Amino acid sequence: MLTLMMAGLSLYADYSRLKKDLSNDAQFVYSSIYEKAYINEVLLQSFTVLVSSSPNDQESIRSFANEMRKRYPHIERLQIQRQQKVDGSNFGRAEDFRIDPTRDDFSVRFPITFIEPLNPDTRYLLNKDLLTDPVFTETIRFVRKYHQPVTSPPFTLDNNKTGYGLFLAFFERNTAPSADNLYIASLIIDTEGMLPNTSFLSEHASISLMDENGEILDQHLSEATTRLPIWLPTLEEQRTVTRFGQSFRIKIVHKFGPKNINLGMLLILLSASLAVYFMLTAYLRQKVKAAIEHSSIYETLKNERQQLEVRIHTRTRELREQLVENRRLTHQVLAVQEKERRNLSRELHDELGQSLTAIRTDAKILKRVHPEENSLVNQTAESIDAIAQNIYDVTYGMMRALRPSALDDLGLIDAIQECIVSNRLAEHGITLHHDYRGALNEMSEDYNITLFRLVQEAFSNIIKYAQARNVWLDIHRTSQGQRKEISGDRLEVMISDDGCSFDIEQDAFKKGFGLIGMRERVRALGGVFQISKNHDRGTRIIVVIPLGSEATTSASERAIPDQEAPAEPAH
C-alpha cells in the first residue's frame, strides 16, 4: 500500500509538472498573440496617421507598407478604401458622416484605392467595392459608424490560407470631416502567422487558434496524440485575447503519455519498497521474539506491581488513620490549651487579684493614718498603691489575652468587640469594616473560642506586618446553599486587608506558627481554611466551619489539603 501510495504521488507530481508546463506554454502563446494583436493595432493606427496626413503621397505610403510587411510577416497586405458616392444618392443629407447603415436613402461605395503588395495576384482587387462583399459588408458599415478598430469574419486568402481583416475609419487631416475625405484603412492578416513557432510543444500536444465564435482559424496537431489510448488523462488550457478590436480563443491540449512519467523515480521507489519490505519482515521477526520476552517480563512486573499496590494501599490506610489520630490529638491539645488558659486566667483573677486588692487597701489605710502629703509614709503608701494598680492592669490584660471574660459572660460578638478595642486599631491608622449575621451567640464553647482565636491572631498579624489602612471582618452564620463543599448550618468567616501582602506559596505555612495554628483550629472542627491574595493588595482569609453534632466527628475523618482557591470578590 505504501508503494502504491508513493507511486501515486510520483505520478501526481508528473501530472502537476505537465499541467504547470502546459500553463506556461499557454501563457507564452497568449503573450505572443497578444503582442501581435497589439502590433496590428499600432501598425493600423500608424498607417491611418500617415495616410490622413498625406493621402496623395503614394510613394511614402507604399514604402511604409512595404517596410511593415517585411518586418511583420503575418501581415498579408495593407489596403486603403475611400468612400465614394453613387450617382443619384442623397449623401449630403448626412450630418456627421457616421451614417446609420439601415437607412435606405443613403448609397455609397468603398472601392480599394491602395493595396500593398501590388502585384498580378492582387491587382484585381483595386477598385473593388468591399461594401458589396458579403464578408466585409457588416464590418465596413460598423467601422464607418464608430471609427474604431474592427475585425472582419475569417475568410480564405488567395494562397488558401485563413485570414481576417482589421479595419479603421478616419478622415483626412487638416480638413473638415466630409463624405469626400472619409477613408478606411485595413490590414489583411494571416492567422497562421499569429501563432508563435510551435517547436516548443511536445509530441502529444496540440494548439488551436479560434475566433470568438469558436471557429478554428489555425491548428497544429501532433500525430502521436491520436495513437495514445483514450483512457489516458487529457490536459487542456484555454485563454482568450480580446484587445485592440481583435478577439481570439487559444486552446492547448496535451495527452498524458508514457514519456511524461518519471520512470527513474518509479524504479527508485520500487527498489526502496523492496528494501523496506525485507527490513520490515526482519524487524517483525525480531519484534515477535521480543514480544514473547516482554510478555514474560510483563507478567513478572505485573505481579510485583500488584504486591506494591497492596503495600501502598496498606501504608495509605495507616497514614490516613495516623492523620485522623493527629487531627484528633490536635483538637485535644487545643482543648487542653484553652482549658489551661481559662484556669490560669481564673487563678490570676482570684489569687493575684485578691492580693493586689489587699495591698491597695493597706496602702489607703496608711495614707489615711498619715494624711500629710509630705510625710514619707504617705508618699510610700501612694507609690505602693500606684504600683499595685499597674500590676493589676497588666494582670488584667494578661487575663483577657488568656481568656476573655466577655466570652463567658456576654457571648462571642462582645468578646470580639473587646478584642477589637484591646488591639487599638484606630491608633495604628486602621479602619475596621465589620458585618455580623446570624445567631452567633448561640454556639458551643469550641466554636466560640476557635472563632475568637482566629480574629485575635488575624488582627495581631495585620498590626505587625500588613501596614494596612482598611480591614474587613465578615462573620455569617447561615444554612442556605453550599460553600467550599460544606452545606447546612455553618459559619462563614472572611478577614481581609489592603496591606502589603506576602508570598503565600512560599511563606504562608513555613514561617512561624500563627497561620498553622489558625488552620489546625479550623480543621479540628471539620472546616476549610483558605488564604489568598486580596486581588491587587493585601491578604484574604476565608474560613467555612460546619455546625452541628456531627461537625467535630467528621473533622477527624476529613483530610483537606492546603490548596489555593481563587480569591472571593473584594469589598
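Yes/no matrix, rows are residues, columns are (1) in contact with a strand residue (DSSP E or B) (Cβ under 6 Å, 6 or more places away or on another chain); (2) open to solvent by 90 Å² or more (accessible area, probe 1.4 Å); (3) under 30 Å from Glu520 (Cα atoms):
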site	(1), (2), (3)
Asn303	no, no, no
Asn326	no, no, yes
Glu340	no, yes, yes
Gln354	no, yes, no
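Tell me, which residue of region 504-522 that is open to solvent by less than 20 Å² (accessible area, probe 1.4 Å) and in a helix (DSSP H, G or I) is modelled with the lowest pLDDT? If we take residues in region 504-522 being open to solvent by less than 20 Å² (accessible area, probe 1.4 Å) and in a helix (DSSP H, G or I), then Ile504 is modelled with the lowest pLDDT. So is Leu344 farther than 27 Å from Gly526 by Cβ, at pLDDT below 75 and hydrophobic (A, V, I, L, M, F, W, C) or not? For Leu344, the condition - farther than 27 Å from Gly526 by Cβ, at pLDDT below 75 and hydrophobic (A, V, I, L, M, F, W, C) - is not met.
Looking only at residues in region 105-128 that are charged (D, E, K, R) and modelled with pLDDT under 85, the one that is most open to solvent (accessible area, probe 1.4 Å) is Asp121.
Within region 166-196, which residues are among the polar types (S, T, N, Q) and either open to solvent by 30 Å² or more (accessible area, probe 1.4 Å) or under 29 Å from Gln27 (Cβ atoms) (or both)?
Those that are among the polar types (S, T, N, Q) and either open to solvent by 30 Å² or more (accessible area, probe 1.4 Å) or under 29 Å from Gln27 (Cβ atoms) (or both): Asn174, Thr175, Ser178, Thr191.
Condition check: in a strand (DSSP E or B) and buried (at least 22 other Cβ atoms within 10 Å of the Cβ). Does Ile140 satisfy that? Here the answer is no, as Ile140 does not meet what is asked. Look at region 23-43: where a residue is over 30 Å from Ile184 (Cα atoms) and a partner is in a helix (DSSP H, G or I) and not small (Gly, Ala, Ser), sitting 6+ places away or on another chain with Cβ atoms under 8 Å, you get Asp25/Phe200; Phe28/Phe200. Cβ separations smaller than 8 Å between residues 6+ apart or across chains give the following pairs from region 46-67 residues that are basic (Lys, Arg) to residues that are open to solvent by less than 70 Å² (accessible area, probe 1.4 Å): Arg62/Phe114; Arg62/Glu116; Arg62/Leu118. Taken over region 526-545, residues that are closer than 16 Å to His476 by Cβ and in a loop (DSSP other than H, G, I, E, B) amount to 1.
The values are calculated or read from the model by the stated rules, or taken from the named source; none is laboratory data. Treat the numbers as computed from the prediction; the structure is a model and nothing was measured. Cβ: placed from backbone, ideal geometry, glycine included. Neighbour counts: every protein chain shown. All accessible areas refer to the heavy atoms of the entire protein, side chains included, with ligands and DNA or RNA removed. Shrake-Rupley method; radii C 1.70, N 1.55, O 1.52, S 1.80 Å.
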